[in-house]
Amino acid sequence: KVAKEIQNLGKKFYFVRSQIDNTIRSLEMEGADFDRMRELAEVKQNISRDLMEVGFSEPIIFLISSFSLNEFDFPQLKETLLNNLDGIKRDVLLMSLPSTTVKIVEQKRAQLKKRIWMLATASAAVGAVPVPGLSVAVDLGILVTAIIDFRKILGLDDASLQRLANVAKKPVEFLKAEVTTPLVGEINAEFVKQMLVRTGFVAVSVAEVALDYIPIIGSTFGAVSSFGMTYKLLTNVLDDLVENAQRVVTVAFAPDPSHPQ
């Protein structure tokens, strides 16, 4: 009934058949001539026939298992949802998806690059305010928050790694061994300051504070330097996190008999 109402409103909708892994497991136990692809096609055909009998023309059906995020129709379902949403809805869905494929990680990278531009612009706006020390304090806050968010979105925080390990049936320590970036540790203002020192941006920050006392020149320099510092540092952070996330995803779902499943 709900589906019919959605159809009457002219909205897109999909039929999702969950726990398909249990169905396949039961069918597999019934006979030795089991053909997985044939059985999946037959299940989908039966569902389609039943739906068409009650008035749904060409229903879009996905067979999924919540325990196998990279199997059955789960990848196609995620891709279909992303392709049929736009603007904020698509962004929210993409950021909330678990990083289970290299493709999803790359899609997240592209979206986070846009976020970096917005954060850098916000940093520049504050940098233009001629209040000594204000821009540096705000920049540190922006950078700390962004790094923590990027890490979580890309699935490199402890909770995300544990969930991925559960899905992939691999020890979480096995996945963590692929993470070599220091960005998975504690992220705070002091950590970011050390990053700025290593990259040479700390000298720019000191100059920005000094020039804050000079009208016009200080505001212009502050805006430009804040934008450049935030953009460059977060771009480096994103590249590092993406590289680590791709390694983790690759080994998580790669067959490896040397590691317990």
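The values are calculated or read from the model by the stated rules, or taken from the named source; none is laboratory data. All of these numbers come straight from a predicted model, not from anything done at the bench. Please note: Cβ atoms are built from the backbone with ideal geometry, for glycine as well, and neighbour counts cover all protein chains shown. When the accessible area is computed, the model is the full protein with side chains, heavy atoms only, and any ligands, DNA or RNA have been set aside. Shrake-Rupley method; radii C 1.70, N 1.55, O 1.52, S 1.80 Å.
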- Query: When the range 159-178 is examined, which residues are found to be open to solvent by 80 Å² or more (accessible area, probe 1.4 Å) and touching a residue at least 24 places away in the same chain (Cβ under 8 Å)?
  - Reply: ARG163, LYS169
- Query: Does ARG49 satisfy being open to solvent by 40 Å² or more (accessible area, probe 1.4 Å) and in contact (Cβ under 8 Å) with a residue 12 or more places away in the chain?
  - Reply: no
- Message: For the range 19-54, give me the residue count where each residue is part of a loop (DSSP other than H, G, I, E, B) and modelled with pLDDT of 85 or more.
- Response: 0
- Note on the structure: Taking the range 1-18 and the residues there that are assigned to a loop (DSSP other than H, G, I, E, B) and open to solvent by 60 Å² or more (accessible area, probe 1.4 Å), the one that is modelled with the lowest pLDDT would be LYS1
